[in-house]
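Encoded as structure tokens, the structure appears first; notes follow it.
What follows draws every value from the coordinates through simple rules; no lab data is involved. Since this is a predicted model, take the numbers as computed values, not measurements. As a convention, Cβ positions derive from the backbone with ideal geometry for all residues, glycine included, and neighbour counts pool all protein chains shown.
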Amino acid sequence: MRVLGLILAGARGKNLGPLTRMRASAALPVCGKYRAIDFTLSNMVNSGISKVGILTQFSPRSLMDHLGSGKEWNLDRKTGGLFILQPFATETSMFWYKGTADSIFQNMTLLRRGEENYVLIGS
């Protein structure tokens with residue numbers, strides 16, 4: 001069974017106030033060593049998912065620095081592995097994702113051309 005993992009990691013986390021003023025909620029430190037995204041990403045990898053896309057939006061720098069090439073999760077590969085999906089401008093959309101469904105819709109080309117039978121969406 002081939003599965004594509006998508007992690008929604010672009011939220012600002014307005015309910016977290018000053019903690020998310022300068023970073024996405026997925027990049028928040030947990031126990032000093034981990035980030036909030038680590039738990040979802042580790043669960044996907046431990047479930048046998050070897051192709052994971054991270055949908056970012058708000059202030060992704062610290063999140064991208066933390067994820068790096070995906071080596072910590074054994075996702076540093078030439079095919080599959082870890083990849084970042086940032087919003088971009090096209091003829092039909094203008095930059096920012098308007099919400100969860102729109103972030104998936106703007107990346108529909110990736111889903112259609114992929115060889116995976118299933119898509120697992122986490123946050």
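Summary table below
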| item | result |
| --- | --- |
| Sequence-separation-based contact order of the chain, relative, with Cα cut under 8 Å and 6+ spacing, percent | 36 |
| Label-point gap, in nm, between residue 15 and residue 101 - each point 7 angstrom along Cα→Cβ | 2.1 |
| Neighbour net charge for residue 3 - beta-carbon separation under 14 angstrom, K R +1, D E -1 | 0 |
| For residue 35, residues with placed amide H under 5 Å, excluding near neighbours | 30 |
| Separation of the residue 83 and residue 59 label points, Cα + 7 Å toward Cβ, nm | 2.8 |
| Amide proton proximity set for residue 121, modelled H, under 5 Å, gap of 5+ | 6 |
| Neighbourhood charge, 10 Å Cβ-Cβ cut-off, centred on residue 26 and excluding it, Lys, Arg +1 and Asp, Glu -1 | +1 |
| Under 25 Å from the Cα of residue 33 - lysines, other chains or at least 8 residues apart | 14, 51, 71 |
| Highest-MSF residue in the chain out of 28, 63, 110 [GNM, Cα springs under 10 Å] | 110 |
| Highest-fluctuation residue, 87, 18, 60 considered, GNM on the chain with Cα pairs under 10 Å | 18 |
